Each structure stands twice: as structure tokens, then as C-alpha cells.
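Trainee: Got a structure for you, questions after.
What follows is calculated from the coordinates using simple rules that are stated; it is not laboratory data. Computed from a prediction, not measured in an experiment: that's the story for all the values here. Glycine also receives a Cβ, built like all others from the backbone with ideal geometry; neighbour counts cover every protein chain displayed.
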Amino acid sequence: MFNFIKCLSLGLLALFTSQFAYANSLAGIWQHDNQQTTIRPGQGFNMLFCNEQGDCAQGILRGSRVVVVPQWNVTGSINKSKTLIVWSNGTQWARYTPPNNFNVHHVSRGPSVAGPWLHDGRPTSIQLFNDGMHFTLINEAGQRSDGFINRNGELELPNLHLLGRLHKHGSVIKWTNGTTWYRP
């Protein structure tokens, strides 16, 4: 009996672990009608879905290829390759494909951009997704924007048309809009 319970427990643990990994694999930048949408990882099966207007709502993974976002009253069906979500309201989200056949393996593995930063003495931060390529930037006003590290190792924010370059061994980010972020 003990061995049965032990095997059952290990099987359930493996199932939940794979479901958590699947939920996290959906995180990143998506598009609807050529406008940026995002999925941010949450706890367990929960995720944060943000549409092209910047409205965000909690969603949950139901089974292996269905997500439910109660606040928006929609259910989404995910294709096998995890590149398309067809929503019950008739809209679709396609996973964002960076330009120039970007390949994550070309990203230089320099210093991590994750963590706290300062802009004009005010706190900002960057939250790096588990894939090591996508991130959420939070500016000094608390506004969030999602981006990715491009093949040149630059921080790219498609919806803001902004690039950031790391300097001084990863302790400074110089943005193309003329601003500079520093490590605290």
C-alpha cells in the first residue's frame, strides 16, 4: 500500500511539474492585429494576460491546451506548437516572432539584466522570464512594458520602439531615447 501511495504521489508531482512548465512556456510577447499583447508567468497554473490596450487580467491553464480568463469572459485554445491562441470571442493571439530570424542561441550570455535599476535616482526594475530572453521592464512610474534581448544583446521594447545597450560590465543601460539606467 505504501509503495502504491508513493508511486501515485510521484506521478502527481510529475504531472503538476509539467503543467507548471507548460504554463511558463506561454510567457512572452504575443500579437493581436499587429499590436503587442503579453502573457506573464504567475504562480502555478496562473498567468497574467495583457491585451493590446494594456488591460491585464488573471488567467489559468485548464488542461494541456486551454486557458480561461474569467475577467474577460473568454477561453483560449492553444495550438500544439504554442504559437497561436484562438479565443472564444473570435480573436487570435500569435506568438511574436522577432525580426531577422532571431535565434535565442545567438544571444550573448553577458551579465543579467534582471533586478533593480535607477533612473534619475528613482527605482525601476527588469523582471526576466524563465526563458532568459523575454523580460518585463517596470519604469519609475510603475508602467510595465514587455521586451526581449535581441541577437546583438540589446534590450528591445517593440511597443515603445526603444533599444537599450548594456555598458560598464552590465551596470549601466543606455536607452535610444537618451535616458540612462544605473544599478543601485
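Trainee: Scan the range 40-67 for residues that are farther than 21 Å from residue 127 by Cα and either buried (at least 18 other Cβ atoms within 10 Å of the Cβ) or among the aliphatic types (A, V, I, L, M) (or both) and report the count.
Mentor: 3
Trainee: Okay, moving on. In the range 166-182, what residues are touching a residue at least 12 places away in the same chain (Cβ under 8 Å) and farther than 23 Å from residue 35 by Cβ?
Mentor: Across the range 166-182, the qualifying residues are 166, 169, 170, 171, 173, 179, 180, 181, 182.
Trainee: If you go through the range 145-162 one residue at a time, how many are part of a strand (DSSP E or B) and touching a residue at least 24 places away in the same chain (Cβ under 8 Å)? Spell out the reasoning first.
Mentor: Step one: filter the range 145-162 for residues part of a strand (DSSP E or B), giving 145-149, 155-157, 162.
With touching a residue at least 24 places away in the same chain (Cβ under 8 Å) added as a condition, the list becomes 146-149, 155-156.
Total satisfying the criteria: 6.
Trainee: Might you let me know whether the range 163-176 holds any residue that is basic (Lys, Arg), surrounded by fewer than 16 Cβ atoms within 10 Å (Cβ to Cβ) and either on the phi > 0 side of the Ramachandran plot or outside any strand (DSSP E or B) (or both)?
Mentor: yes
Trainee: Has the range 78-87 got at least one residue that is under 17 Å from the mean Cα position of the chain (by Cα), charged (D, E, K, R), exposed (fewer than 13 other Cβ atoms within 10 Å of the Cβ) and assigned to a loop (DSSP other than H, G, I, E, B)?
Mentor: Scanning the range 78-87, I find no residue that is under 17 Å from the mean Cα position of the chain (by Cα), charged (D, E, K, R), exposed (fewer than 13 other Cβ atoms within 10 Å of the Cβ) and assigned to a loop (DSSP other than H, G, I, E, B), so the answer is no.
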